[in-house]
1. At what distance in nm do the modelled label points of residue A:102 and residue A:79 sit from each other, each positioned 7 Å from its Cα along Cα→Cβ?
2. Could you work out the mean count of beta carbons from other protein chains within 10 Å of each residue's beta carbon in A:34-46?
3. Once you charge only the Cβ atoms, +1 for Lys and Arg and -1 for Asp and Glu, what is the size of the charge dipole of chain B about its Cα centre, to the nearest 20 debye?
4. From the helices alone, meaning DSSP H stretches of at least four residues, give me the mean residue ellipticity at 222 nm for chain B, per-run term -39500 (n - 2.57), in deg cm²/dmol to the nearest 500.
5. Within region B:47-112, report the trypsin sites (Lys or Arg not before Pro) that DSSP leaves as loop and that have at most 11 other Cβ atoms within 10 Å.
6. Between residue B:19 and residue A:153, how high is the FRET efficiency from 1/(1 + (r/R0)^6) when r is the Cβ-Cβ distance and R₀ = 25 Å? Nearest 0.05.
7. Within chain B, what is the longest stretch that has no GluC sites (Glu not before Pro) placed in a DSSP loop and near at most 16 other beta-carbon atoms within 10 Å?
8. Considering only Cα-Cα distances, which of the following residue pairs are longer than 25 Å: A:104/B:53; A:137/B:63; A:45/B:48; A:85/B:48; A:107/B:48; A:137/B:48?
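Quick note: the coordinates plus some simple rules give every number you see, no bench work behind them. These numbers were taken from a predicted model, which means no experiment stands behind them. Cβ placement follows ideal geometry from the backbone for every residue including glycine, while neighbour counts extend to all protein chains displayed.
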Amino acid sequence: MNLKCFAFFCCLFDFGHMFVIFVCIDNVMARPRKPGKIQTPPRAKAFMPVGYYKSSSEAVQLNIEEFEVFRLLDYEGLTQSEAAKLMQISRSGVARIYEKARYKLAKALTEAKKIDIEGGSNLFDNDWYECERCNSKFNSLESESPGTCPLCNSTYIHMVNN
Amino acid sequence: MRIVIPIDDNSLTSNVSDTFARSNYFALVDKENGNLKMVENPFKAMTKGVGVKLFEWLVDTHKMNALLAFEMGYKVQQMASEANLQIIIVNEQNKTLEELLNFMGIEPDSKI
């Protein structure tokens with residue numbers, strides 16, 4: 001606010017530096033939102049309605065962060081501040097994400113739409129991998145790829161990306 | 001690697017339990033030498049704080065360093081990631097203990 005007032009007064013007296021002043025105002029824009037921490041990737045990739053099908057292009061996109069907030073608050077029964085601590089974001093941030101998640105789920109249930117659980121800006125505690133032989137998901141304990149599946153020793157693994 | 005598998009009853013054909021901390025039995029599997037031990041869950045009847053007690057019991061007493069489950073409570077997940085344990089989330093199609101042991105290449109019949 002102070003910077004905007006400053007820019008306004010500068011404009012009154014100095015038109016020559018207007019360009020510089022407007023660059024200043026641009027720099028005041030909001031910072032990008034911090035991604036919440038996710039414990040484990042969700043079990044299912046999507047949900048389908050039975051008996052009434054819409055094309056998958058009309059699916060509701062529930063992102064992984066929204067799924068995690070919904071899980072922590074309604075399945076685990078945490079309060080918003082407990083969930084915020086766990087995901088390392090603010091309490092009001094949790095409330096905002098929760099509201100979006102509930103609207104999307106209600107919409108999908110009412111309008112009988114497919115629910116895709118994917119995407120969003122999220123941050124896993126560790127890197128997660130999926131084995132293509134036994135289809136299990138596992139975390140890597142080192143920073144580089146573990147190379148083999150800890151369950152079946154298969155080398156056909158891929159990273160679970162956003 | 002020593003893997004904990006939550007199971008419904010103490011047989012090889014038992015299903016993997018839906019919940020981690022409130023399962024009836026646990027199979028403690030040593031992947032290196034193929035040892036398999038089944039133990040009853042001592043905290044099953046408790047109503048609160050099962051996950052935390054169970055985690056300490058498994059990691060401190062039994063020296064397990066990998067947890068296998070369909071689903072885990074948030075506290076167990078939090079403690080496991082702090083202790084840098086391996087977590088394996090299995091797929092629904094691999095349901096019995098026997099199938100999981102086959103994946104690990106362990107012949108269970110000779111070890112019990």
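1. Roughly 1.7 nm, to one decimal.
2. For this peptide, the per-residue mean of nearby foreign Cβ atoms is 2.
3. Roughly 400 debye, rounded to the nearest 20.
4. -5500 deg cm²/dmol
5. Passing both the DSSP loop test and the Cβ count: B:48, B:63.
6. The formula returns an efficiency of 0.35 here.
7. B:33-70
8. From A:104/B:53; A:137/B:63; A:45/B:48; A:85/B:48; A:107/B:48; A:137/B:48, over 25 Å: A:104/B:53; A:45/B:48; A:107/B:48; A:137/B:48.
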